[in-house]
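J.: To start, I am sharing the structure in question, which I have written as structure tokens.
The values are calculated or read from the model by the stated rules, or taken from the named source; none is laboratory data. Note that the structure is predicted; figures quoted are calculated from it, not measured. Cβ atoms come from the backbone with ideal geometry, glycine included; neighbour counts cover every protein chain shown. Surface areas here come from the heavy atoms of the whole protein model, side chains and all, with no ligands, DNA or RNA. Shrake-Rupley method; radii C 1.70, N 1.55, O 1.52, S 1.80 Å.
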Amino acid sequence: MPAPTSAEKGLRELRAGLSAAVNDAAIRGQITYITSHGRRLAAIVPVAEAEAIEARQQAEG
């Protein structure tokens with residue numbers, strides 16, 4: 001069964017499992033959304049996706 005492409009973790013939960021979230025991004029390509037009070041604040045994304053976003057932003061000016 002393939003790994004999910006995204007997950008959501010609260011700040012408290014993330015503190016306890018940060019290394020797992022980073023490994024999931026690096027190895028499985030999973031995005032982990034970091035939430036507080038149910039609201040998405042940030043994300044841990046695979047490097048290739050972050051670099052693609054940066055390149056697209058630079059190209060747009």
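J.: When you check E60 against the structure, is it surrounded by 10 or more Cβ atoms within 10 Å (Cβ to Cβ) and of a type outside the set (G, A, S), yes or no?
T.: no
J.: For S36, only one of the following conditions fails: (1) in contact with a Leu (Cβ under 9 Å, 6 or more places away or on another chain); (2) of a type in the set (S, T, Y); (3) open to solvent by 80 Å² or more (accessible area, probe 1.4 Å). What is its number?
T.: (3)
J.: Continuing with the same structure: Out of A48, A55, A42, which single residue is assigned to a strand (DSSP E or B), surrounded by fewer than 13 Cβ atoms within 10 Å (Cβ to Cβ) and modelled with pLDDT of 95 or more?
T.: Result of the check over A48, A55, A42: A42.
J.: Follow-up question, since we're still on this one. How many residues, within segment 26-39, are part of a loop (DSSP other than H, G, I, E, B) and of a type outside the set (S, T, N, Q)?
T.: 3
J.: L14 is checked against (1) under 12 Å from the mean Cα position of the chain (by Cα); (2) open to solvent by 70 Å² or more (accessible area, probe 1.4 Å); (3) modelled with pLDDT under 95; (4) of a type outside the set (S, T, N, Q) and fails just one. What number does that condition carry?
T.: Here L14 clears every test but (2).
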